[in-house]
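Below: one structure, written as structure tokens.
The values are calculated or read from the model by the stated rules, or taken from the named source; none is laboratory data. Keep in mind that what you see is a predicted model, and the values were worked out from it rather than measured. Here the Cβ positions follow ideal geometry from the backbone for every residue, glycine too, while neighbour counts run over all protein chains shown.
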Amino acid sequence: MNIKRILLVDDEYRIREVTKIALEMMAGWEVLTASSGREGLLQAQVQQPDAILLDVMMPDMDGTATLAALQANSATHDIPVILLSAKVQINDRSQFAQLGVKAIIPKPFDPLKLAIQIAEALGW
């Protein structure tokens, strides 16, 4: 069985911990975490995860800047990205969709349904 590896990039410690536990327990996936966009870029390049969950609103390097850097790097541009955001108005969804993300999951999300949402978005 091929265990999926997910990289979660979020500046909020509690979100990282709840998400990691939920995805490991509910889906059996390996979950790597990064607390900033810069750390996420490095982890993505070194670890080559199957997908990235990326928070939109982070200090220093936000999700949009992180996504642009991921897409500009030949080592990471093919990794599918799902955005996690409290900001999911209609105009935000169309803007994010144009950036090439696979899905947008609104915050707060249900940790018990998160693995299903990710699997559906990625066709797993």
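Odds and ends about this structure:
- Checking each residue in the stretch 98-120 for being without any contact (Cβ under 8 Å) to a residue 40 or more places away in the chain and of a type in the set (Gly, Ala, Ser) picks out 100, 103.
Conditions (1) surrounded by 16 or more Cβ atoms within 10 Å (Cβ to Cβ); (2) modelled with pLDDT of 95 or more, marked per residue:
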{"position": "56", "(1), (2)": "yes, no"}
{"position": "66", "(1), (2)": "yes, yes"}
{"position": "74", "(1), (2)": "no, yes"}
{"position": "80", "(1), (2)": "yes, yes"}
{"position": "85", "(1), (2)": "yes, no"}
{"position": "94", "(1), (2)": "no, no"}
{"position": "101", "(1), (2)": "yes, no"}
{"position": "108", "(1), (2)": "no, no"}
{"position": "115", "(1), (2)": "yes, yes"}
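- Residue check, residue 17 modelled with pLDDT of 95 or more, more than 25 Å from residue 123 (Cβ to Cβ) and among the acidic types (Asp, Glu): yes
- For the stretch 1-21, filtered to residues that are exposed (fewer than 14 other Cβ atoms within 10 Å of the Cβ) and of a type in the set (A, V, I, L, M, F, W, C), the residue that is nearest to the chain's Cα centre (by Cα) is 21.
- Here residue 30 clears all of (1) modelled with pLDDT of 95 or more; (2) touching a helix residue (DSSP H, G or I) at 6+ places or on another chain (Cβ under 7 Å) except the condition numbered (2).
- Meets criteria (without any contact (Cβ under 8 Å) to a residue 12 or more places away in the chain, out of contact with any strand residue (DSSP E or B) (no Cβ under 8 Å at 6 or more places or on another chain) and basic (Lys, Arg)) for residue 14: yes
- Meets criteria (surrounded by fewer than 17 Cβ atoms within 10 Å (Cβ to Cβ), out of contact with any His (no Cβ under 7 Å at 6 or more places or on another chain), over 15 Å from residue 5 (Cβ atoms) and at pLDDT 95 or above) for residue 24: no
- Of the residues in the stretch 36-49, not one is free of Cβ contacts under 8 Å to residues at least 40 places away in the same chain, surrounded by 15 or more Cβ atoms within 10 Å (Cβ to Cβ) and within 16 Å of residue 107 (Cβ to Cβ).
- Scanning the stretch 37-59 for residues that are over 17 Å from residue 124 (Cβ atoms) and in contact with a Pro (Cβ under 8 Å, 6 or more places away or on another chain) yields one hit, 43.
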